[in-house]
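Below is one structure, written out as structure tokens, with a few remarks after it.
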Amino acid sequence: MTIVKLSLSLILLCWLTLLVQPASAAEPTCAADARITEVFDNGATWDMCWESRIRENLVLSDVYYTPPDGEPLRVLSSARLSQLHVAYDDSDVTYNDVTQYGLGGGYLLSLTPQDCPQGTLLDVQTRPALCRWRTKADTGYRTSTSSQKTQSLNLFSVSQVGAYAYIVSWTFYANGAMEPGVGATGALQRSSDTTELPFGRVLQGDPDTLWLSHTHNYYWRLDFDLGQSATDDVFAETRYELAADGTRSRQVDVYKTEQARRIDPARQAVWEIHENAQPDSAAYLIEPVRSGHRFERSEVEPYSDYDFFVTVANDCERFASQNARFNPDCLNNVLQFVDGQSIENQDLVVWHRVSFHHVPRSEDQRHMHTHWDGFMMKPRNVLAGTSALLGQPNTAPVIDPLTPRTNKVGDSVHADISASDTDDDVLSFTADSLPPGLSMNSQGHIHGEPTATGNYSVSVTVRDDLDQSSDTFSWNITGSEPARKRSGSMNLHGLVTLCLLVLLRYISQGARIVARHQTVANAQG
Amino acid sequence: MSRDTDSLSRQRAFVHNRWPERTRLSAVRLIHAGFLLLVLTGGSFASSVFAQQNDCTNAVALQHSFSSGASWSLCAAVNNDHGLTVSSVYYRAPGDSSRSVLAELHLGQLLLHYHDATEAEPQIRPPQPLRIQPSINATRQLELSTAQELRVLTDDDLQDDAQTIEPVRFTERSCNGERLGADSQPDTICAITKNNRTLAKYAQRPSLNSQSWELASAFARDALIWTSAVTFTEDGQIRPAVSLSGRASRSNTDTRYAATLPLPIDPLTRATVFATWRMVFNLDTDAADKIEQFDFPLDTQSGNRRPMQVSPIITETLRRVDRQTFRGWRMVDGSGAGYYLDPSNNGFSYSSRSENWAQFDMAFSRLATCERYALLNINDVSNNCGTGLDDFVNGESLIDAVPVVWYSQMRNMDLTLEDWPVISELALSFDLLPFDWTASSPFELIE
């Protein structure tokens, strides 16, 4: 009986513990050897778990980003390459490498320090097969006096599938961006002895062989869990269309059901996953920049008609194609996963395809130089600004003393506002409430002709790369020549009034004289 | 339109003779063992200012050598109109001779279209004594000779236009590399050597690793900072790139055109960047370079095959990227050595209500030294030059002529907190890939 009570108490305790546990802890939950934490110089941090699977190889999970001076943000529940589809131009052979062969297990190459020259090798089971290194992005921030390239964490492994060696890569940037990628190297796979076929090229030094052109289609599966809840993410497509008047306006469609989308270069469509329905909530932007090639073979593979999919998370929907081979109770490809389910208050999974068409060149002999493909996911409204990323001290510029000014309507005005900056930054000026007719350029030069009288309180702002200063001065615009004419007419008016007053006085005086004469006459009468 | 002839032949005189095929392969075999060891150690040699065979008038002569034996040599200058210009560019693959690749490469125009405006603002504005009124006619090039009104710029026009750009002078804070420049423009070029990701890997053979060499210049336009850069990789690739950073200063309260940020930040006006590069190839031997267009259209009638179609481009023309046919272009010398421009990074199509050329991604024109800018080209009527690509591309023959390649890309700038107060760099880049430049990878032993 005591044992039963104890057991019940333990169960109750466990239940209560689970009850008070937050929906998602603010850090990954995995063993120490499966966890990767990278803290950058500016304090930004990426934190995640990793594992290597037989099929997909590298699978990342519980991915968190902490901005400089910010709080950890849960970004992804899991991320992986979900298919590597290769179609040859002669259409004789198509490979689905992830499901036909796999990128892990025996296909995963052991790495040496030579393969990971600036990094650290991590073991997959008992052999080194994952390279972890810190690098710098090609981009960052540039001001007139400084430049900062964004630091990044790169993880990669290499899988040998047939003649190809695929470098599966994930890069996490200090500014919160993420970049999955695949580098294709190794050697050309397929050739033909019929050199006159139009499906490839004969390369130098080997006149009897036609090396076949082919397309690599990379599909990534990204289970977004932005923020506290896994089930409130929102999917939106944004377009920037040119209007008839030449302006370009932003149009946003928020989708309520599962979607299969195509790139739309003319309308410049991009995709966003938001933390919740608030438009200014944290989000990740996916721009299909690397879409200069687009594979399509809808007769045999209808899913190839689309580039971007959003589905409700389902553990048995693992592979973009040939899914049923390993999940017989589930549908077979990603287009079939898109079956009209509501995505409101659901856990969302994003699938993105990038294509690369490979035309053999002589330099591909005997071993190919790596050609890289991938895409960038950029944070939006995740950081509190870029200052912390720049990591540099800055002194705000100071506006030179301003004095009140007076001009007349119609004057030709040329005036300069100046400022100093101890950092010698390039400065730009703006002004508010200038008298009508005047404008100021970014160098602080004011010019134009005032068009209306008044006393204006002009606000001037000067900005350097990071800070700004403001000051005000009064600008009195008085009347010009027409106003002076009006002043003359006032004098004339006064003169007339004076004359009238004098006339009235004379009339009044005359009346009094007449009255006096009448009084005298009456008295004499 | 008649044009001045260019003196490319003068530059060609300095090109080393290409080695005969067999000799080159033998040389490759002999020296591979030596430089392969160097490749494996991952070392590199610093770039240096040197006296090269080319005439680098008003430019600095540069050479960068890698540990593999690969090297680049070129002239570099920062132009007050358009930033970095590289010219007389030569590449030496490991075991090969130094061979000419480019006569000249620079930005040909940068359009910045604020979304609340009806017209894009050219960021490259060379001085112009005369200006043609902006046209809204998309077929302007057809009418140029008949009806164009000219007007003289006023003082205010000149003042507001800020005719030339002021190159950024790099400091330790802004250049994490070597600061270079011509005597008249010191510290206007930043040279950086970078470690690339894996160059090649096969099975359990050790990875080949490589480096690249980047030259960059920057200029300010209003509060914006534009960086134009060209990266030269150890294996012969060229990657031109332009990026936008600096400070966003344009605002609009209309949310159709501006991004709303938390107060007190004013709503920031969105913009589209359209960057056009001008490339004059000068490939390998004295033979005239040719342009080929590659397409791989899907043939559903024959089992979804994709036959390769190679079309020579023999007259001046404007072309679009065709994503479905995997379109690309090869510039090729008479020797067969070439470079391939693969528009992989071209995900968006620019559209313009006023400029016909800006409806396209690619243009090919016949070389004329006065045709330098896709828009606002110096309108020197006496030289019979046009005002931009819509004038340059008028059907002239490219046969036995030096072709000029104009390639454009675009991206949108939709600002968020991550862009305040400094814009997170918005970059546009593409690759020029050696294509049958060498008979095989010059980085590996031929077995």
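Any chance you could count how many residues in segment A:144-165 are within 28 Å of the chain's Cα centre (by Cα) and among the small types (Gly, Ala, Ser)?
5
So which strands (runs of 3 or more DSSP E) are wholly in segment A:32-127 and hold at least 3 residues that are among the hydroxyl-bearing types (Ser, Thr, Tyr)?
A:57-66, A:73-88
Based on what the data block shows, is B:LEU398 more than 7 Å from every other protein chain (Cβ to nearest Cβ), under 13 Å from B:SER245 (Cα atoms) and either surrounded by fewer than 23 Cβ atoms within 10 Å (Cβ to Cβ) or touching a helix residue (DSSP H, G or I) at 6+ places or on another chain (Cβ under 7 Å) (or both)?
Here the answer is no, as B:LEU398 does not meet what is asked.
Going through segment A:53-63 one residue at a time, which ones are touching a strand residue (DSSP E or B) at 6+ places or on another chain (Cβ under 7 Å) and either within 14 Å of chain B (Cβ to nearest Cβ) or surrounded by fewer than 21 Cβ atoms within 10 Å (Cβ to Cβ) (or both)?
A:ARG53, A:VAL59, A:SER61
One line per residue, one yes/no per condition, for (1) of a type in the set (Ser, Thr, Tyr); (2) buried (at least 20 other Cβ atoms within 10 Å of the Cβ):
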| site | (1), (2) |
| --- | --- |
| B:SER349 | yes, no |
| B:TRP357 | no, yes |
| B:ARG366 | no, yes |
| B:ALA374 | no, yes |
| B:ASN384 | no, no |
| B:ASP390 | no, yes |
| B:VAL405 | no, yes |
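Can you find even one residue in segment A:348-357 that is more than 9 Å from every other protein chain (Cβ to nearest Cβ) and surrounded by fewer than 20 Cβ atoms within 10 Å (Cβ to Cβ)?
Looking for residues that are more than 9 Å from every other protein chain (Cβ to nearest Cβ) and surrounded by fewer than 20 Cβ atoms within 10 Å (Cβ to Cβ), one finds none in segment A:348-357, hence no.
Could you please give the count of residues in segment B:408-424 that are modelled with pLDDT of 95 or more and in contact with a Gly (Cβ under 6 Å, 6 or more places away or on another chain)?
The number of residues fulfilling the criteria is 0.
Exactly one of (1) within 20 Å of the chain's Cα centre (by Cα); (2) surrounded by 23 or more Cβ atoms within 10 Å (Cβ to Cβ) is unmet by A:VAL334. Its number?
(1)
Find all pairs meeting these conditions: Cβ atoms under 8 angstrom apart; at least six residues apart or on different chains; first residue within segment A:413-436 and away from every other protein chain (no Cβ under 12 Å) and more than 20 Å from B:LEU224 (Cβ to Cβ); second residue among the hydroxyl-bearing types (Ser, Thr, Tyr) and in a loop (DSSP other than H, G, I, E, B).
Within 8 Å, the pairs are A:THR422/A:THR395; A:PRO435/A:THR451; A:PRO436/A:THR451.
Inside segment B:202-246, can you point out the residues that are touching a residue at least 24 places away in the same chain (Cβ under 8 Å) and more than 26 Å from B:THR276 (Cβ to Cβ)?
Of everything in segment B:202-246, those that are touching a residue at least 24 places away in the same chain (Cβ under 8 Å) and more than 26 Å from B:THR276 (Cβ to Cβ) turn out to be B:PRO206, B:LEU208, B:ASN209, B:SER210, B:GLN211, B:GLU234, B:ASP235.
State all residues of segment B:287-307 that are facing chain A (nearest Cβ under 7 Å) and either touching a residue at least 60 places away in the same chain (Cβ under 8 Å) or of a type in the set (D, E, K, R) (or both); if no residue qualifies, say none.
Those that are facing chain A (nearest Cβ under 7 Å) and either touching a residue at least 60 places away in the same chain (Cβ under 8 Å) or of a type in the set (D, E, K, R) (or both): B:ARG305, B:ARG306.
Taking segment B:415-445 on its own, how many of its residues are in a loop (DSSP other than H, G, I, E, B), facing chain A (nearest Cβ under 7 Å) and out of contact with any Asp or Glu (no Cβ under 8 Å at 6 or more places or on another chain)?
4
Which numbered condition in (1) assigned to a loop (DSSP other than H, G, I, E, B); (2) within 11 Å of chain B (Cβ to nearest Cβ); (3) within 30 Å of A:SER61 (Cβ to Cβ) is the only one that A:LYS149 fails?
Just one mismatch for A:LYS149, condition (1).
Residues in segment B:81-132 that are of a type in the set (D, E, K, R), within 27 Å of A:THR247 (Cβ to Cβ) and assigned to a strand (DSSP E or B): how many?
First pass over segment B:81-132, keeping only residues of a type in the set (D, E, K, R): B:81, B:92, B:96, B:99, B:104, B:116, B:119, B:121, B:125, B:131.
Narrowing further to those that are within 27 Å of A:THR247 (Cβ to Cβ): B:116, B:119, B:121, B:125, B:131.
Checking which are assigned to a strand (DSSP E or B) leaves us with B:121, B:131.
Result for segment B:81-132: 2.
Among the residues of segment A:163-189, which ones are small (Gly, Ala, Ser) and either within 11 Å of chain B (Cβ to nearest Cβ) or part of a strand (DSSP E or B) (or both)? Don't jump to the end; show me each part of the working.
The initial filter retains those residues of segment A:163-189 that are small (Gly, Ala, Ser), namely A:163, A:165, A:169, A:174, A:176-177, A:181, A:183-184, A:186-187.
Those that are small (Gly, Ala, Ser) and either within 11 Å of chain B (Cβ to nearest Cβ) or part of a strand (DSSP E or B) (or both): A:ALA163, A:ALA165, A:SER169, A:GLY176, A:ALA177, A:GLY181, A:GLY183, A:ALA184, A:GLY186, A:ALA187.
If you take the residues of segment B:333-343 that are among the hydroxyl-bearing types (Ser, Thr, Tyr) and surrounded by fewer than 24 Cβ atoms within 10 Å (Cβ to Cβ), which of them is farthest from B:ARG99 (Cα to Cα)?
The residue in question is B:TYR340.
Which number in (1) surrounded by fewer than 21 Cβ atoms within 10 Å (Cβ to Cβ); (2) touching a strand residue (DSSP E or B) at 6+ places or on another chain (Cβ under 8 Å); (3) within 26 Å of A:GLN148 (Cβ to Cβ); (4) touching a residue at least 60 places away in the same chain (Cβ under 8 Å) marks the one condition that B:SER249 misses?
B:SER249 satisfies all of (1) surrounded by fewer than 21 Cβ atoms within 10 Å (Cβ to Cβ); (2) touching a strand residue (DSSP E or B) at 6+ places or on another chain (Cβ under 8 Å); (3) within 26 Å of A:GLN148 (Cβ to Cβ); (4) touching a residue at least 60 places away in the same chain (Cβ under 8 Å) except (4).
Looking at B:THR285, B:THR255, which is the one that is β-branched (Val, Ile, Thr), surrounded by fewer than 19 Cβ atoms within 10 Å (Cβ to Cβ), within 30 Å of the chain's Cα centre (by Cα) and over 30 Å from B:SER174 (Cβ atoms)?
B:THR285
Of the residues that make up segment A:357-372, is at least one within 30 Å of A:ASP41 (Cβ to Cβ) and not β-branched (Val, Ile, Thr)?
yes
Working carefully through the options A:GLY410, A:GLY374, A:GLY385, A:GLY454, find the one that is among the small types (Gly, Ala, Ser), assigned by TED's automatic domain parsing to the domain that holds A:THR145 and at pLDDT 90 or above.
A:GLY374
Suppose the filter is surrounded by fewer than 22 Cβ atoms within 10 Å (Cβ to Cβ) and either in contact (Cβ under 8 Å) with a residue 60 or more places away in the chain or at negative phi (or both); does A:ALA34 pass it? Show your work before the answer.
Numbers: surrounded by fewer than 22 Cβ atoms within 10 Å (Cβ to Cβ): yes; either in contact (Cβ under 8 Å) with a residue 60 or more places away in the chain or at negative phi (or both): yes.
When the stated conditions are applied, A:ALA34 passes them.
Exactly one of these conditions fails for A:ASP193: (1) crowded, with 23+ Cβ neighbours inside 10 Å; (2) at pLDDT 95 or above. Give me its number.
Going through the list (1) crowded, with 23+ Cβ neighbours inside 10 Å; (2) at pLDDT 95 or above, A:ASP193 breaks only (1).
Residues that are facing chain B (nearest Cβ under 7 Å): list the strands (runs of 3 or more DSSP E) wholly contained in segment A:199-304 that include at least 3 such residues.
Because the criterion is at least 3 residues that are facing chain B (nearest Cβ under 7 Å), the strands (runs of 3 or more DSSP E) in segment A:199-304 that meet it are A:248-255.
Answer with yes or no whether B:ALA229 is within 9 Å of another protein chain (Cβ to nearest Cβ), in contact with a Gly (Cβ under 8 Å, 6 or more places away or on another chain) and either within 17 Å of B:ALA76 (Cα to Cα) or outside any strand (DSSP E or B) (or both).
So B:ALA229 does not fit the description; no.
Go through (1) at the interface with chain A (Cβ under 8 Å from one of its Cβ atoms); (2) not in a loop (DSSP other than H, G, I, E, B) and name the single condition B:GLN409 misses.
(1)
If I go through segment B:102-118 residue by residue, how many of them are away from chain A (no Cβ under 13 Å) and more than 19 Å from B:MET362 (Cβ to Cβ)?
Step one: list which residues in segment B:102-118 are away from chain A (no Cβ under 13 Å), which gives B:102-110.
When the remaining residues are screened for being more than 19 Å from B:MET362 (Cβ to Cβ), the result is none.
Summing the residues that are away from chain A (no Cβ under 13 Å) and more than 19 Å from B:MET362 (Cβ to Cβ) in segment B:102-118 gives 0.
Could you list, ordered by first residue, the pairs with Cβ atoms under 6 Å in which the first is in segment A:86-107 and within 17 Å of B:PRO307 (Cα to Cα) and within 11 Å of another protein chain (Cβ to nearest Cβ) and the second is polar (S, T, N, Q) and buried (at least 21 other Cβ atoms within 10 Å of the Cβ), at least 6 apart or interchain?
A:ALA87/A:THR215; A:ASP89/A:SER213
Give the number of residues within segment B:181-201 that are part of a loop (DSSP other than H, G, I, E, B) and touching a residue at least 60 places away in the same chain (Cβ under 8 Å).
Qualifying residue count for the region: 6.
The values are calculated or read from the model by the stated rules, or taken from the named source; none is laboratory data. Every value quoted in this text rests on a predicted model; they were computed, and no experiment measured them. Neighbour counts are summed over all protein chains in view; Cβ atoms, including those assigned to glycine, are modelled from backbone coordinates with ideal geometry.
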